[in-house]
């Protein structure tokens, strides 16, 4: 009877102590849930501003919210006096098992997050990556889709893309067109330079700044090689390339400047006499 009375006497103190723990734990849960929503929305807003694919936005936002809530629940249980060490160990072991089972997919996902955050490529860029070249159609959670110039669709794992050398031809507004024009050794170099300069400056695609470079680069086996290096807008690269190649050929022909081509002269010595015919 005395023990019951003692227990009842302690009940108000116990109620206050544990009631405060429950209230604080509830407060931690409410704050954690609010933070998970706020941070997830902030991440989604940032990704939306950067033009990330919707599927990736939803997935990353949900993953962010779930991660914060997991930490919140562990904090709540720890505050209530529950031993969370074993729970964390079990979750860690489960996470390790899942990670090993989905190693390839997780590496692609992690690479996709890096591509989304740092944006070395984006939709519409012409790139070389993962051994392929084409226009980026989409950067999704696990893969990157490229469309080749001959309209083939290439789907490359994000891990292969992020681990390869990425050449982004669309990253800058301007590009340099590099042409090598070979002329005959009999050609007048001053005249040749004037003809090439006239063709380059007459093109609507060529920019005046930076100025184009037109110089002799090599005395080759059968030709004197000029480098012709004008700057153009990146979007005009191939139009400028094809136009300049055709116009240079026409202009050199009109100026009488020869363009050598591979040939072989055969000299026969000590040709045996033809036997007399009977």
Which residue pairs have Cβ atoms closer than 6 Å, lie 6 or more positions apart in sequence or on different chains, and pair a first residue in the range 205-225 that is within 23 Å of residue 182 (Cβ to Cβ) and in the same structural domain as residue 193 (by TED's automatic domain parsing) with a second residue that is part of a loop (DSSP other than H, G, I, E, B) and modelled with pLDDT of 95 or more? 206/230; 212/230
In this structure, is residue 199 in contact (Cβ under 8 Å) with a residue 40 or more places away in the chain, buried (at least 18 other Cβ atoms within 10 Å of the Cβ) and within 24 Å of the chain's Cα centre (by Cα)? no
Which members of the range 150-173 meet the condition of being loosely packed, with under 14 Cβ neighbours inside 10 Å and touching a residue at least 60 places away in the same chain (Cβ under 8 Å)? 172, 173
From the list 193, 274, pick out the single residue that is farther than 30 Å from residue 125 by Cβ and at pLDDT below 95. 274
Residue pairs within 7 Å by beta carbon, gap of at least six or interchain, first lying in the range 226-241 and in the same structural domain as residue 182 (by TED's automatic domain parsing) and under 21 Å from residue 183 (Cβ atoms), second in a helix (DSSP H, G or I) and modelled with pLDDT of 95 or more, listed first then second, are 226/192; 226/196; 228/196; 228/200; 230/200
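Name the helices (runs of 4 or more DSSP H) wholly inside the range 52-164 in which the number of residues that are within 28 Å of residue 33 (Cα to Cα), in contact with a helix residue (DSSP H, G or I) (Cβ under 6 Å, 6 or more places away or on another chain) and at pLDDT 80 or above is 2 or more. Give the steps one after another, and end with the answer.
Numbers: elements: 54-79, 85-101, 103-118, 158-162.
Because the criterion is at least 2 residues that are within 28 Å of residue 33 (Cα to Cα), in contact with a helix residue (DSSP H, G or I) (Cβ under 6 Å, 6 or more places away or on another chain) and at pLDDT 80 or above, the helices (runs of 4 or more DSSP H) in the range 52-164 that meet it are 54-79, 103-118.
Tally the residues that are more than 14 Å from the chain's Cα centre (by Cα), under 24 Å from residue 241 (Cβ atoms) and not in a strand (DSSP E or B), restricting the search to the range 165-188. Walk me through how you get there before you give the answer.
Quick first cut of the range 165-188, residues more than 14 Å from the chain's Cα centre (by Cα) only: 173-188.
Retained after the next criterion (residues that are under 24 Å from residue 241 (Cβ atoms)): 173-184, 187.
With not in a strand (DSSP E or B) added as a condition, the list becomes 173, 177-178, 184, 187.
Selection size over the range 165-188: 5.
The values are calculated or read from the model by the stated rules, or taken from the named source; none is laboratory data. Bear in mind that the values here come from a model prediction, so they are computed numbers and not experimental data. As a convention, Cβ positions derive from the backbone with ideal geometry for all residues, glycine included, and neighbour counts pool all protein chains shown.
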